1. Please identify, among V240, V195, V121, the residue showing maximal mean-square fluctuation in a Gaussian network model of the chain using a 10 angstrom Cα cutoff.
2. For region 225-231, in order, what is each residue's ³J(HN,Hα) by Karplus, 6.51 cos²θ - 1.76 cosθ + 1.60 with θ = phi - 60°, in whole Hz (x at glycine and Pro)?
3. Contour minus end-to-end for L256 and R104, with contour as 0.36 nm per residue of separation and end-to-end as the Cα-Cα distance?
4. Counting only heavy atoms of the protein chains, get the accessible area per residue of region 179-259 (1.4 Å probe) and round it to a whole Å² value.
5. Go from 0 up to the bin containing the longest alpha carbon distance in region 111-191, width 10 Å each, and give me the % of pairs per bin.
6. Could you list which residues have their amide H under 5 Å from that of C158, counting only those 5 or more apart in sequence or on another chain, with H placed in the peptide plane?
7. May I ask you to give the percent of accessible area on the chain that is carbon plus sulfur, with a probe radius of 1.4 Å?
8. Just to confirm a number: summing +1 for Lys and Arg and -1 for Asp and Glu over residues other than L217 whose beta-carbon lies under 10 angstrom from that of L217, what do you get?
Amino acid sequence: MPQSCSHLEDRIINRRPPLALVQAEPGQSRYAAVAAALRARVLAGEWAPGTALPSEQALAAEHGVALNTLRRALELLAEQGLVERVHGRGTFVRASLSGATMLRFFRFGNASGEVPTSRIVARRPLAASGEVAMRLGIAPGEAVLQLLRVRALAGTPCLLEEIHLPLPLFQALASGPTDAWDDLFYPMYAQRCGVHVQRACDEIGFGTFGAAQAAHLDLPPGHPCARVTRRAWDITGRCVEARTTYGDAHAFHYSLTIT
């Protein structure tokens, strides 16, 4: 019996058009081409960090490849750190970092696990110095937002942070009150600027506090200082933050377990 016109229209409207078949470049494997296509969809924002990708069967059908090819493509993306595969649950876009607090490098009394409060003591746009530009991967002189933040535990200042953020990516933080900012910056970056920090690298060094730095932490000038420099990247591999954290070297504590 012939179907009604309205029923046929419903099928046409509700059916998702298939994606174009993936074509591998010369010398490129089919699964690598599929991985590149999936990566492009993630970077375009089709799936947000922390969300699940469609089923393997659905993705294979959309890209016109065999299931085994699709699985190898997902394995490649997992190796690249873009997705994570959870047994029995599926494949997820790697979630953004939420904290990665610098307190893990220091021991201030019994404050283990406590999130320190934040206070912005200075904020200004400026031209990136050569060092800041190198850390952010931008050209010297490009616009950045500089933040000076003091972090405190139980009202006592413990860490001083100098943060540089590329503009106009972080323009939403360049004006307006700062007293309502989150104590954890990475969730705030995502909410206010649409920037999802996926990974970060910290390096540790030591020196002494200058007079202005020491004053923020109620320490004398020349006091021993532990310095943690961080670079953070978003899901596209773009460096989005250069941060230097200063703390009392006498409170520095680092533990590493090797198995």
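The values are calculated or read from the model by the stated rules, or taken from the named source; none is laboratory data. None of these values were measured; they are calculated from a predicted model. A quick note on method: Cβ atoms are made from the backbone with ideal geometry, for glycine too, and the neighbour counts reach across all protein chains shown. Ligands, DNA and RNA are excluded from the accessible area calculation, which covers all protein heavy atoms including side chains. Shrake-Rupley method; radii C 1.70, N 1.55, O 1.52, S 1.80 Å.
1. Result for the chain, Cα springs under 10 Å: V121 fluctuates most.
2. Coupling constants for region 225-231: 10, 9, 10, 10, 9, 10, 10 Hz.
3. Net length gain for the segment: 53.6 nm.
4. 51 Å²
5. Over region 111-191, the share of Cα pairs per 10 Å bin runs 17, 46, 29, 8, 0 percent.
6. R151, A152, L153
7. The C+S portion of the solvent-accessible surface of the chain is 53 percent.
8. -1
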